[in-house]
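Notes for the one structure printed next.
No value in this document is a laboratory result; all are computed from the given coordinates. Just so we're clear, the structure is a prediction, and the values are computed from it rather than from any experiment. Here the Cβ positions follow ideal geometry from the backbone for every residue, glycine too, while neighbour counts run over all protein chains shown.
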Amino acid sequence: MSLRARLTLVAVFVITTVALAISYFALLSAERAEVSRIDAVLNGIYSSVATAADPVSVAMQMAEDSDIGVTVAFVNYASDVTEVIESRINFKPAPSAELLSEALDYPVSVNAAERYRMRTFMLSPDEYLAFASSLKAIDENRADNIQTFTLVVVFGISFGVLLVLVLTRRDIRVITSLIKAADDISQGDTSVAIPKTKGNAEVDQLAAALGRMVQSLQRVVEVEQETQVRMQQFMGDASHELRTPLTVIKGYVSLLNNPAFTEAQRARAFERLEGEINRMEFLIKDLLLLAELGQTREDHETVVNFSGLVHESVDDLRVLGSERVVTSSVVDGAMVVGTEHLLQQLLANIAGNIDRHTPPDAPVFVELVLEGTLVHLVVEDGGPGLSAEMLERGVQAFERFDKSRARESGGSGLGVSIMAAIVARHGGSIELSRGARWGGLRIDVLLPLSFPPAVH
């Protein structure tokens, strides 16, 4: 069933229910008002008769003066009725003894050939003076009112249905267009335009939410496309870097078969072969590590003492460069949830970059502090740093950060990308900038702090 049909049925149900309730209470109130008016006249006659010396004459006089048509009659237990003042009331069958007795206290309704309202006054133990007024007009008015209210209900339902159709026409049209847009999005078309809405708050919210979803999907698609481009470029670079040492190795292997080669030339050839093999080993190892970091996180993570790992890394820097001045300020007890060997690899890459790309006597500053719910690692060196263009570009996944430095140092050029992948794997962030101390490279790493459970 369509939304419009459901709304129409709801409108019909609500209008019918409300109209019937109003009609019922209106009819009931009108009848009660008329009956109360009759009761007031009958009670007035009773009050006058009860204190009169000649109750029959008083009753007859007041009945003639009333404007509701009161009949006065003598009634006894034998169900004999003698009308004193004629009216259109048909007393057959005559009221029972119980009704005659009950009407002594208050007016009662009698269901005879036609309904009437009656009040009685006891003349003797077996005879009553009854004064009554017909309810025929009220019954006839009820039938007329029911017919009138039926017409009103029918008109109200028709008007309500028309109003629902008019009010929902625009919203239904907008919802239909939103459904089409959502269907187009499900088919992969993220360029679909979300129709603008103005009016119904719920429809506007739906359109706004769908628009936000489309924008998010567009951003995801753009990021995915950029990642694919970088991946293709990265794979091309990796293929080239693997092909280059293979070509060199192949060439030197062919030359080694030359009997004219001297021992010095052979030693040089073996040295070059070893260097190219080491380059391939570095590159393959880093490629495998990047592939591992790109996989889904597993549930073998533990709480790692990051402060202890940083202390070990500072010691490594001092051992690697005896001429280097390493200053450190490391807070104790900084715990993070993660994979210990990956965090060790992160710090090893930072130390390795400093060792390969800075002078032996370049100073290094290492700081580890707690900032709210984060662990903040700062590593700053006194080396040449990076160009403004490279710092502005930042760290990109699947990208060799500096190919020239990689060839000069014998590395794969993937160290910074690996660091970024490790940090992202642990829910953190990494930023490269120019250091304020010596103008070299500054690395800022932020990782979520793991608070140990409270001891009770």
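Using 0.36 nm times the number of residues separating Arg115 and Val337, minus their current alpha carbon distance, what extension gain do you get? Don't skip to the end; give the middle numbers.
Values: separation 222, 0.36 × 222 = 79.92 nm, distance 8.93 nm.
Difference between extended and current length: 71.0 nm.
Need one number: nm distance between label points at Lys136 and Val253, each 7 Å from Cα along Cα→Cβ, rounded to one decimal.
Using points 7 Å along Cα→Cβ, the separation is 12.6 nm.
For Val14 and Ser47, what is the calculated FRET efficiency with R₀ set at 60 Å and r taken between the beta-carbons, to the nearest 0.05? Present the calculation step by step, with values, prior to reporting the outcome.
Values: r = 48 Å, r/R0 = 0.80.
Between Val14 and Ser47 the formula returns 0.80.
For Arg318 and Ile284, what is the calculated FRET efficiency with R₀ set at 35 Å and r taken between the beta-carbons, to the nearest 0.05?
On the way: r = 30 Å, r/R0 = 0.86.
FRET efficiency, Arg318 to Ile284: 0.70.
In sequence order, what are the phi-derived ³J(HN,Hα) couplings for the range 45-62 according to the Karplus relation 6.51 cos²θ - 1.76 cosθ + 1.60 with θ = phi - 60°, rounded to whole Hz, with x for glycine and proline?
Rounded to whole hertz, the list is 4, 4, 4, 6, 5, 5, 10, 8, 6, 10, x, 5, 5, 5, 5, 5, 5, 5.
Please list 107-115, 380-388 highest first by mean number of surrounding beta-carbon atoms within 10 Å per residue.
On the way: 107-115: 15.9, 380-388: 18.9.
Most protected by this proxy first, the peptides run 380-388, 107-115.
How far apart, in nanometres, would the label points at Gln205 and Arg32 be if each is projected 7 angstrom from Cα along the Cα-to-Cβ direction?
My value for the distance between the label points is 4.1 nm.
Grab the beta carbon distance between Ile22 and Lys180, set R0 = 41 Å, and tell me the FRET efficiency rounded to 0.05.
Details: r = 42 Å, r/R0 = 1.03.
The calculated FRET efficiency here is 0.45.
Can you tell me the length gained on complete extension of the stretch Ser66 to Glu274, counting 0.36 nm per residue apart and subtracting the Cα distance? Display every interim value, and only then the final one.
On the way: separation 208, 0.36 × 208 = 74.88 nm, distance 13.12 nm.
Contour length minus the Cα-Cα distance gives 61.8 nm.
Starting from the amide H of Ser450, placed 1.01 Å from N in the peptide plane, find each other amide H under 5 Å away whose residue is 5 or more places distant or on another chain.
Hits under the 5 Å cutoff: Met335, Val336, Val337.
Using a basic spin-label model with each label point 7 Å from the Cα along Cα→Cβ, how many nm lie between Leu165 and Ser101?
Distance between the two pseudo-spin positions: 6.4 nm.
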